Amino acid sequence: MTMLMPPRAVVRGSAGNWALQSTLERRGLGPVAGVDEAGRGPCAGPLVIAACVLRPGDASRFEGLNDSKLMTAAARDRMYDLVLKRALDHSVVVVPPADIDWLGIHVMNIEGMRRAVAQMETHPGYVLTDGFKVPGMPAPNVAVLKGDQAAACVAAASVLAKVTRDRIMADLHDRHPEYGFNVHKGYCTPDHTAALMEHGPCAEHRWSYVNVAAAAAKHGLAAPHRVARGTTAQAVVQNDATPADAGELATSEGAEQMTRAEA
């Protein structure tokens with residue numbers, strides 16, 4: 001008996017960052033949503049996750065769309081406005097430090113990605129995530145290596161997430177100018193580390209992170225929200241560094257939840 005197989009889809013990198021989603025759409029798997037986050041590495045401020053569905057055939061309107069980290073602040077702001085204007089649908093989820101301290105950064109990253117997709121009015125036929133698998137998505141999905149550079153919809157999500165988070169950190173600077181959140185955006189730069197040790201952490205810091213816990217202990221401060229037992233992070237992601245492990249800052253409880261979800 002002869003088994004009929006669908007024609008193989010070929011995605012050529014030379015076709016640019018619209019090629020993958022265009023291929024999926026041609027195969028009847030659209031709309032294609034991209035998901036990305038900003039704020040995994042900082043020791044202060046929220047984690048922000050965005051999902052975005054771009055209109056098919058809109059590539060010419062998004063010249064310069066790329067990984068938000070590779071764009072200037074001015075270019076990101078312009079692209080942010082364009083994405084809001086032209087996207088078929090989008091959503092943004094903001095995860096506060098208190099939730100990160102209770103369940104862990106990776107667990108909340110995964111949960112935030114699920115929420116971002118679920119909150120859109122447009123139900124995607126396929127979801128592209130940046131870098132790692134996300135179990136429990138409400139649609140078929142695949143992790144794309146360097147997705148914010150390889151897929152336009154993921155790049156658009158990265159812009160939404162980063163601009164949203166940068167603006168939140170600028171607002172936090174007005175409330176806590178002693179830390180310089182408007183400059184380092186909560187990452188562990190030398191200036192931020194010095195300010196943290198001098199003043200101690202504020203409510204917007206992630207108290208489960210080892211450097212924040214050390215600064216709190218120095219000043220005799222207790223966390224303003226619950227922190228799961230035994231969850232102090234053993235590693236701190238430095239500014240512009242890539243996490244060595246996707247779950248390095250997750251709590252033990254969160255890791256157990258992830259194991260159950262993936263089983």
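The values are calculated or read from the model by the stated rules, or taken from the named source; none is laboratory data. For clarity, every value in this text was computed on a predicted model and none was experimentally measured. Quick reminder, even Gly has a Cβ in these numbers, built from the backbone with ideal geometry, and neighbours come from all protein chains shown. Note: areas computed on protein heavy atoms with side chains; ligands, DNA, RNA excluded. Shrake-Rupley method; radii C 1.70, N 1.55, O 1.52, S 1.80 Å.
Observations on the structure shown:
- Between region 14-66 and region 116-159, the alpha-carbon center distance in angstrom: 7
- Per-residue HN-Hα couplings for region 18-31 [Karplus 6.51, -1.76, 1.60; θ = phi - 60°; Hz; x = Gly/Pro]: 9, 5, 5, 5, 5, 5, 4, 5, 5, 8, x, 9, x, x
- Cα-Cα over 23 Å, subset of Lys85/Lys146; Lys69/Lys185; Lys133/Lys185: Lys85/Lys146; Lys133/Lys185
- Solvent-accessible area of region 177-219 (1.4 angstrom probe, protein heavy atoms only): carbon and sulfur portion equals 58 percent.
- Whole-percent pair-distance distribution, where bins are 5 Å wide, for the alpha carbons of region 30-115: 3, 13, 22, 22, 17, 13, 7, 2, 0
- Qualifying GluC sites (Glu not before Pro) for region 53-128 [loop in DSSP, other Cβ within 10 Å: at most 10]: Glu63, Glu121
- Approximating the spin labels as points 7 Å out from Cα along Cα→Cβ, the Arg26-to-Asp58 distance works out to 2.1 nm.
- For Leu47, the amide hydrogen comes within under 5 Å of the amide hydrogens of Val95, counting only partners 5 or more places away or on other chains and with H modelled in the peptide plane.
- Here the Debye sum runs over all C-alpha atoms of region 177-219 as equal scatterers in vacuum, and log10 of I(q)/I(0) at q = 0.21, 0.22, 0.29 Å⁻¹ comes out as -0.57, -0.63, -1.11.
- Rounded to the nearest whole Hz, the Karplus-based 3J(HN,Hα) values (6.51 cos²θ - 1.76 cosθ + 1.60, θ = phi - 60°) of region 146-158 follow the sequence 6, x, 6, 9, 8, 10, 4, 5, 6, 4, 4, 5, 5, with x at glycine and proline.
- Here the convex hull built on the C-alpha positions of region 15-172 has a volume of 102 cubic angstrom per residue.
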